[in-house]
Each structure stands twice: as structure tokens, then as C-alpha cells.
Amino acid sequence: MALVRVHGVVKDYEWGTGDTIPELLGYPADGKPQAEYWMGTHPSGEARLDDGTRLSEFLEKRAPVWLGEGHIRRFGAKLPFLFKILAIAKPLSIQCHPTTEQARAGWKKEARLRLDDPDPSHWDYQDDNRKAEVLYALSPVTAMCSFRPFEEIRRDFERLMPDGYRKYLHPEHQGDAGLSELFSRLYTLDKESLKLCIGEYLANLAESDLPLQNGPFLEPKGIVLEAAKTYPVDPGLFCPFLLHVLHLAPGEAVFLRPDTLHAYTRGVGLELMSASDNVLRGGLTHKKVDVPELLSLLEIAGGEQKLCEEQVVADGRVRVVTPTEEFALYVLPAGLYHVDQPSVEIFFCTEGKAKISSGAEWQTIRKGECWVKSASTGRYQVKVEGTLFSATTGA
């Protein structure tokens, strides 16, 4: 069976936990935050085989067998997705990702900047790919994403920031037009006006009877007061009342299309996304925030945010339903599966172990291990004693 083990890349961003990823992967924690574990071929953090070979190099040299001719015609000789573990101790930056058209235009626009300034942290675009994503909760996860209806936001702002809202923010329109106007004004306030608005907002929020959290989940008030400790004058502090705050129980997932404003604030999740590292930030960060570019990408419209549906496919695996051709996420709880998946797959085991075979010999995948299966592998069997995840291409 064409199956190889790979080792991902740990990202030590400041919002990460100190022990989640070490415990999952089976090595001692050093007390420093470890936020993400990347399993893929993106140049910002590429997985490698046991002998140190880059996964991209391995796949490119064997593309017809490992990726398949159909894959090569659709996506080229590369992986179109990136698989991650996220371990979140405190709120990530408020962010948005581009569509395909926006990414290509932005990458082209910054061609001269990349030549003059080699520091990627100064760029808005890291590649020319769109970035859609799905987050599957491994523990209770609090996330915020997509704008709430304008009337709900207006009521909260008039209650928590009556003077600032009336003086600096009150839009001339209602509905989505008013929402767009409100958001733009918030993000273009001069620093002194922003300080006044945030001061009033934080004082009234602290005195309010709104809950800080609900069991393991943060509520909007809790997110704001936690983030304000690090970012005391930041327009991103308003986002917990601009966006939907979601509580994902383990096993639930949320899909975020490009152009959606969002941030994850607490919990451990498995993330599958388009193979892109394009992030336009909108606050709660020390990194670059380009407000005009962010506003040019965003879909500013109030509405609801639904969780992903799950579909049990014919072989018994659970597919997390996402409207994406470049990636698909499958969950394999404990059990025996007979699978025919003629596409490249990345397996990751989060608990227990799994055994996989397409013949007489079985390969064990243990907790914290990541393995890649070729597209040319025929029908195979998986015995799962725990939980195994599969990342592959979509339909």
C-alpha cells in the first residue's frame, strides 16, 4: 500500500496553549505557546517525510501515482489543501481571507512590493490562492464569525456606548447599508475618538449583568474584556458584538467562506482549508492591519451563521459537508471501514490508533501521527480504535 508518514510544522504564535500540541504529538511541553500544527505543502510550513524530504518534492516526483492524472488536471502537481491543528488559549486576530479573484489581483498588485521588501509580514498577500476553511471542534470552541443583523448590533451599541455611538458612529442608513457604514466608521476613527468610544464601551460592559462565559465557552463580554488586556485601543474589541459568537461542542464544525470576518477565541480544533496563508487582519493583533484592503474584501451583510451538516457516506465514514472542490474532511470514529477513495489523503489520528491496509499487511497509525495515502491505492480497509480524520480533495 502506498502510504508514507510525514511530520508537520509547529507554529508558536502567542495565542497558543502551552501543552495541547505537545500532548497530542507525544513530546514534552516547554512552557511556550504552541498554536498550530501544519500538515501540508504550503511553503510557510511544509511537512517532511521521515528522511527529511519535503512532502511537496516527494509528491511532485511521483505525481501520476500519488496525486493522479485527474488531480493534476484540476489542481496541478500539488496539494490544494492545508490541514492544521489549532490550540487556542486567547483570541486570534480578527481576520478575513480573499476569494480567488481577490487573491490573484492582490498578489499581482504586490509584485513590486515583494521585490523591494522581502519581509512577508509587510505584505497583505502571501500567495495567489483563495482561502476557504472549516473548523472541526476537538474540545469546546468559541468562535465569532459573520455579521449579526444591523438592528441587533444597533441595540447593543446604543446600550453599551450611547455617547460614542451617537457622536461618532450613528449611520445614516438602516439594514446592510447601515451596517457597512457603521463598520467603516469604526475602523477609520482617529485614535482619540476611538479611545473615547472604547473607554465608554469597556466601562459599561464591565458594569453590565451580561455573562462572561457559559461553562467552557466565552460569551461576547468575556471575549472583549480578555482581549482588552492585550489590545486596549483596538477596533477589533467591538467585533464580539458585531459578529455571531458561536459555541461549538466537540464534533461540531463551522465553514467559513472567503470574505467572511471571523476569529477563533478559545478551544482546540482541527482546521482544513484551501492551500493558502492569505490573512487580512482587522484588529486584536500586533501584525499588519491594512484597513482599506480589508474593507475592499469584506462581505458586510447581516444574517445567520449555521454549523456544518454531517453526512454518513456509504462506507460509514462521516463527511463534514462543505461547498469546496479543493478539500473535504472525513471523520472515522471507532469501527471497521471498507473505503474506495481514489484521491490523495492525509490521515491524522487524534486519539487511540488505527490500522490501515489494502492487502495482507497492516500499517498502524498512532495518536498524533500523520500519514499520506496515494491516489493510486485501491480499495482499502481501516480499523479504528479511537478517532481518525482524513483530509482529501472535494467532489
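The values are calculated or read from the model by the stated rules, or taken from the named source; none is laboratory data. Bear in mind that the values here come from a model prediction, so they are computed numbers and not experimental data. Note that each Cβ is placed from the backbone with ideal geometry, even for glycine, and that neighbours are counted across all protein chains shown. In case anyone asks, the SASA skips ligands and DNA or RNA and just uses the protein heavy atoms, side chains included. Shrake-Rupley method; radii C 1.70, N 1.55, O 1.52, S 1.80 Å.
Only one item in [x] 170; [y] 158; [z] 148 matches volume of the Cα convex hull per residue in Å³ derived from the coordinates shown, and that item is [z].
Between R257 and Q311, full extension at 0.36 nm per residue minus the direct alpha carbon distance yields a gain of 17.5 nm.
So between E152 and R54, what do we pick up on full extension, going 0.36 nm a residue minus the alpha carbon distance? Present the calculation step by step, with values, prior to reporting the outcome.
Working: separation 98, 0.36 × 98 = 35.28 nm, distance 4.93 nm.
So the chain would gain 30.4 nm between E152 and R54.
Whole Å is fine, so just give me how far the alpha carbon centre of segment 14-89 lies from that of segment 232-272. Measuring centre to centre over Cα atoms gives 23 Å. Which of the residue pairs K90/K221; K84/K288; K353/K373; K11/K90; K131/K353 have a Cα-Cα distance greater than 19 Å in the structure shown? Violating the 19 Å Cα-Cα cut-off are K84/K288; K131/K353. Using a Gaussian network model of the chain in which every pair of alpha carbons under 10 angstrom is joined by a spring, one finds that among S146, S93, S44 the greatest mean-square fluctuation is at S44. Here the Karplus relation 6.51 cos²θ - 1.76 cosθ + 1.60, evaluated at θ = phi - 60°, turns the backbone of segment 341-358 into coupling constants of 10, x, 8, 4, 9, 10, 9, 9, 9, 9, 7, x, 7, 9, 10, 10, 7, 10 Hz, with x for every Gly and Pro. So what is the accessible area of the chain per residue, in Å², with the probe set to 1.4 Å? The answer is 42 Å² per residue.
Given a cut-off of under 8 Å on Cα pairs at least six residues apart, what relative contact order in percent is computed for the chain?
The normalised contact order for the chain reaches 23 percent.
For a modelled paramagnetic label at Q381, 7 Å from Cα along Cα-to-Cβ, the residues of segment 309-330 in reach, with backbone nitrogen under 18 Å, are 315-317.
The modelled label-to-label distance for the pair T364/D117, using points 7 Å beyond Cα in the direction of Cβ, is 5.2 nm. Only Cα pairs under 8 Å and 6+ residues apart enter the sum, and on that basis the relative contact order of segment 11-110 stands at 28 percent. Of the GluC sites (Glu not before Pro) found in segment 1-81, the ones in coil according to DSSP and having at most 13 other Cβ atoms within 10 Å of their Cβ are E14. Residues considered: R114, R281, R257. Largest GNM mean-square fluctuation over the chain, using C-alpha springs under 10 Å, is found at R114.
A helix-only calculation puts the chain at -7000 deg cm²/dmol for mean residue ellipticity at 222 nm, using -39500 (n - 2.57) for each DSSP H run of at least four residues, averaged over all residues. Taking only protein heavy atoms and a 1.4 Å probe, the accessible area of segment 238-395 is 46% carbon and sulfur. Each residue, Q174 and D30, gets one label point 7 Å from its Cα in the Cβ direction; the gap between the two is 5.8 nm.
The residues neighbouring R266, those whose beta-carbon lies less than 12 Å from its own, together hold a net charge of -1 under the Lys/Arg +1, Asp/Glu -1 convention.
When only Cα pairs below 8 angstrom with a gap of at least 6 residues are kept, segment 330-395 shows a relative contact order of 50 percent.
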